[in-house]
Amino acid sequence: MKSVIRYMCMIAMVALAFTSCNKNESKKTTFTARTQKLVYESGMDRTYIGTDDLVHFEAGDVCMVFNINETNASQSHCATYEALEEGSVVTFQNCGLGEVAEERLDAFYAYYPGGVGMVETLLGDGENKIKLFISPEQEYRQDMIPANSLPMAAKVENVDHLGDADFDFQNLFGVLQLKPYEAASRTITKIEVVDNMFNLSGWMTLNINSMEKSHNEFADAVDSNEPSGSETGLTSLSRDNANSITLSIPGGVQLGTTKESTPVFNIVLRPLALSQGCHIKVTFNDGNVKDVDISDQNLLTIKPNYVKPVSINLDNY
């Protein structure tokens with residue numbers, strides 16, 4: 001996804017963040033990656049994200065690439081790669097944290113974002129699993145998705161060498177596209193989404209080969225064991241306010257008086273978020289907070305790769 005953050009990929013940090021990424025000889029260090037077009041919920045108000053609804057990489061964006069042995073995880077390995085240019089189809093190049101063997105084992109996988117502090121692997125524990133960090137904080141960007149907030153994954157098994165791979169990234173999460181408005185047209189500085197049931201942030205553990213599933217199956221897999229506290233889902237992490245995501249708005253943004261004139265606020269959320277109801281808390285620059293209680297189930301269910309546009313007349317709350 002288009003990002004303003006740059007990661008410095010330094011060998012010295014391998015021991016700290018990527019101890020399970022074994023070094024292997026690599027004949028080629030580049031591959032091609034493309035992003036997926038976002039889909040808007042039918043019958044909903046539509047506001048474009050960019051000019052083509054495509055998520056864009058920006059030069060310096062980092063993903064983690066895996067060369068996986070499905071039956072023996074001790075032979076699997078990984079490395080970080082960075083985008084060389086901006087766009088929906090870009091070239092990624094190894095940036096120093098590990099090396100992926102050029103010759104494919106069972107399959108190549110790639111996950112974004114893959115920078116330091118965003119991803120950990122369990123390969124060193126003998127498991128083909130990955131832990132993705134879902135930050136409780138996102139930052140507003142006008143008519144864009146917050147940077148480094150939309151997890152994506154891709155699988156390639158139809159080529160023998162990494163340099164020949166084309167990674168078609170799939171969006172694992174969805175987007176809540178809020179359009180709050182009111183007659184007073186005040187300035188807001190923060191929007192907090194609080195889920196009534198599910199955790200929205202923290203470390204999420206997934207099988208690396210989870211992208212063999214469809215989007216709906218992926219959503220089911222994330223939630224299947226959450227009531228028991230399994231590490232499959234986000235409830236496994238114990239942390240304050242894990243059931244919320246906060247969109248910070250530096251400098252504040254003035255609301256419009258109608259849904260046609262008000263700005264759009266994009267918030268990235270995990271699958272099935274908000275399906276059991278939620279609170280949307282809007283903070284104004286004078287410190288006042290308006291709590292929008294949306295208790296109707298399934299009203300705002302988030303689906304992978306879907307944009308859910310929602311207009312809210314704050315004068316009704």
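Tabulated data
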| item | result |
| --- | --- |
| Candidates Glu70, Glu99, Glu137, filtered to the one that is open to solvent by 50 Å² or more (accessible area, probe 1.4 Å) and farther than 26 Å from Lys190 by Cβ | Glu70 |
| Qualifying residues in the range 282-317 (those that are among the hydroxyl-bearing types (Ser, Thr, Tyr) and farther than 20 Å from Ser135 by Cβ) - the one nearest to the chain's Cα centre (by Cα) | Tyr306 |
| Residue that is nearest to Gly163 (Cα to Cα) [pool: residues in the range 102-134 that are open to solvent by 60 Å² or more (accessible area, probe 1.4 Å) and of a type in the set (Asp, Glu)] | Glu103 |
| The range 133-166, residues that are under 15 Å from Pro113 (Cβ atoms) and modelled with pLDDT of 95 or more | Glu137, Gln138, Glu139 |
| Given (1) open to solvent by 10 Å² or more (accessible area, probe 1.4 Å); (2) of a type in the set (Gly, Ala, Ser); (3) under 16 Å from Val307 (Cα atoms), index of the condition Gly251 fails | (3) |
| Yes/no for Ile267 being under 20 Å from the mean Cα position of the chain (by Cα), at pLDDT 95 or above and surrounded by 19 or more Cβ atoms within 10 Å (Cβ to Cβ) | yes |
| Near pairs, Cβ below 8 angstrom, 6+ apart or cross-chain, from the range 269-281 (under 17 Å from Ser135 (Cβ atoms)) to any residue that is polar (S, T, N, Q) and surrounded by fewer than 24 Cβ atoms within 10 Å (Cβ to Cβ) | Ala273/Thr301 |
| Residues of the range 142-156 satisfying the condition of being among the hydrophobic types (A, V, I, L, M, F, W, C) and not in a strand (DSSP E or B) | Met144, Ile145, Ala147, Leu150 |
| Of all residues making up the range 187-209, the number that are among the hydrophobic types (A, V, I, L, M, F, W, C), part of a helix (DSSP H, G or I) and open to solvent by 30 Å² or more (accessible area, probe 1.4 Å) | 0 |
| Of residues in the range 147-156 being out of contact with any Phe, Trp or Tyr (no Cβ under 7 Å at 6 or more places or on another chain) and surrounded by 22 or more Cβ atoms within 10 Å (Cβ to Cβ), the one farthest from Glu82 (Cα to Cα) | Ser149 |
| First in the range 158-184 and in contact (Cβ under 8 Å) with a residue 24 or more places away in the chain and within 22 Å of Val282 (Cβ to Cβ), second anywhere and among the charged types (D, E, K, R) and part of a strand (DSSP E or B), Cβ under 9 Å, 6 or more apart | Gly174/Lys308; Val175/Lys308; Leu176/Lys308; Gln177/Lys308; Pro180/Lys290; Glu182/Lys290 |
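The values are calculated or read from the model by the stated rules, or taken from the named source; none is laboratory data. This structure is a prediction, so every number in the text was calculated from the model and none was measured. Backbone-built Cβ (ideal geometry, glycine too); neighbour counts: all protein chains shown. Surface areas here come from the heavy atoms of the whole protein model, side chains and all, with no ligands, DNA or RNA. Shrake-Rupley method; radii C 1.70, N 1.55, O 1.52, S 1.80 Å.
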